[in-house]
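Values quoted throughout were computed directly from the atomic coordinates according to the rules given, and no laboratory measurement underlies them. If you're wondering where the values come from, they're calculated on a predicted model, not measured in any experiment. All Cβ positions, even for glycine, are placed from backbone atoms using ideal geometry, and neighbour counts span all protein chains on display.
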Amino acid sequence: MPPDSPNPASPHRIRRNGDGERQWSVVLSCSVVTLLCLTSGVTIAIPSNVFLDLAQKDSPHRLTIFQQSVFAALASAGAVVGGLAGGWVADRWGRKCSLMFTGVPVLVGYLFISYAHFSPVTETFVILLYVGRLLTGIAMGSSSAVVGVCMKKCGEPEILVSHTSKAGADACLCQ
């Protein structure tokens with residue numbers, strides 16, 4: 001084997017099928033993993049939309065400045081917990097399980113935030129917003145801890161650069 005050709009057993013070798021095309025499953029899996037970065041951007045950007053809706057005169061619920069501050073800060077607190085939990089789950093049960101674990105708090109958190117509007121009692125409304133924001137923060141921290149490791153392990157160097165750039169762009173565009 002020539003010295004400049006890649007080792008066939010190397011994990012950094014581009015896998016090709018009989019026609020010489022890339023296996024699109026690797027590209028697809030890296031693309032799906034980078035979509036988790038969208039949750040970070042949406043989680044960070046959502047207070048501006050929520051606060052604008054609540055500032056309207058016909059809004060049935062009003063948040064005080066303190067409640068708005070707590071709502072905004074809960075994502076950061078959840079990200080700390082989620083980063084620790086996501087890293088622990090990735091070490092204990094693997095990256096795939098950790099990525100699936102990330103989907104649960106995202107879904108439940110956004111459902112809480114969405115259904116808070118239907119609450120007739122202001123205290124219940126605020127609690128649902130807080131719990132939803134904390135859960136989405138947990139998902140944001142968990143995905144931030146696991147996405148880079150997962151992409152490095154399953155991606156190939158030639159496509160890794162484009163997907164890591166896409167991950168940063170996804171997080172920035174949603175803000």
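Listing for the model above:
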| read-out | value |
| --- | --- |
| Shape call, segment 35-97: gyration tensor on alpha carbons, a/c limit 1.5 | prolate |
| Point-to-point label distance, T122-L38, nm (Cα→Cβ direction, 7 Å offset) | 3.6 nm |
| Two-site FRET efficiency, V70 against L107, from Cβ-Cβ distance with R₀ of 22 Å, rounded to 0.05 | 0.45 |
| Mean Cβ count within 10 Å, highest first, over the residues of peptides 56-67, 108-119, 36-47 | 36-47, 108-119, 56-67 |
| Residue-span extension gain [S31 to Y115] - 0.36 nm each, minus C-alpha spacing | 27.2 nm |
